[in-house]
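Q: This is the structure I have questions about; it appears just below.
We did not get these values from a lab; they are worked out from the coordinates using the rules stated. Values in this document were obtained by computation on a predicted structure and should not be read as measured data. So basically every Cβ, Gly included, is an ideal-geometry build from the backbone, and we count neighbours across all protein chains shown.
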Amino acid sequence: MERKLICGDKFVFGHGTISLPVSFENVPNELVFEGNNLLINDFLHVSLVCIGKIIEKYNVKIPDFENKIIEDFCEFSNENSVEPVIYNNDYKLAEKDEKKTIVVMCKVPNLNKFFELINKKYGLNVEYPPTHVTLYKQPGKLGIFLTNMEDIKNFTKPITNPIGHLL
């Protein structure tokens, strides 16, 4: 599935997820961490709303839910800023299903208000996601969905900044 720009080209939708593209300067394209060769993620972003995972986890049966959430998000983001992303020097090694990634945790202003809105509007109880950027992943492998604090607890461990200067 390819990615498409949404909400006036500010955000990206792909793989069932609304994302905010981000960029970093002076970040190496490759990294060896604990003996693993990792490559810079080919699409640096913060996953804001993992609609597909919400449908799956909360057994959502609302018709056309994906498009409704995209419309809600675009309307919300026109009224409420969801940037800049604020990084908090909290790096993690994520490991799941023989995949390894390095992520940096971050905060996204007003995103919690969007989850409050959709929870109220659709009668859901979706947990606010642990917002992060997947910096590095193994060659030829996808990243690891970290959609709630249970995922963070089960699949990550804290690490020091592997680059030394990033943020």
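Q: Given contacts defined as C-alpha pairs under 8 Å and at least six residues apart, what's the relative contact order of the range 4-159, whole-number percent?
A: With pairs under 8 Å counted, the relative contact order is 24 percent.
Q: If you compute volume of the Cα convex hull per residue in Å³ for the structure shown, which of [x] 119; [y] 103; [z] 160 do you land on?
A: Calculated volume of the Cα convex hull per residue in Å³: the matching label is [x].
Q: Here is a further query. Could you list, in their original order, any pairs among LYS57/LYS100; LYS10/LYS96; LYS107/LYS141; LYS96/LYS157 whose Cα atoms are separated by more than 19 Å?
A: LYS57/LYS100; LYS10/LYS96; LYS107/LYS141
Q: DSSP loop GluC sites (Glu not before Pro) in the range 28-87 with at most 16 other Cβ atoms within 10 Å of their Cβ, which ones?
A: Here the GluC sites (Glu not before Pro) that fit, given the DSSP loop and packing criteria, are GLU34.
Q: Still on this structure: With springs connecting C-alpha atoms under 10 Å apart, model the chain as a Gaussian network and identify which of PRO130, PRO21, PRO84 has the largest mean-square fluctuation.
A: PRO84
Q: Which residue, ASN26, ASN112, ASN41, tops the fluctuation ranking in a GNM of the chain built on C-alpha contacts under 10 Å?
A: Greatest mean-square fluctuation among the candidates belongs to ASN26.
Q: Here is a further query. Which angle between 0 and 90 degrees, to the nearest 10, do you get for helix 111-122 versus the longest principal axis of the chain when only C-alpha atoms count?
A: On a 0 to 90 degree scale, this one is about 40.
Q: Right, here's the next one. Compute the Cα gyration tensor for the range 53-101, then decide on rounded, prolate or oblate, letting a ≥ b ≥ c be the square roots of its eigenvalues: rounded whenever a/c is under 1.5, prolate when a/b is larger than b/c in the other cases, and oblate in all that remain.
A: oblate
Q: Can you list which of the trypsin sites (Lys or Arg not before Pro) found in the range 1-84 are DSSP loop residues with at most 16 other C-beta atoms within 10 Å?
A: ARG3, LYS10, LYS61
Q: Compute the distance from the alpha-carbon center of the range 120-167 to that of the range 20-70, in whole Å.
A: Here the answer is 8 Å between Cα centres.
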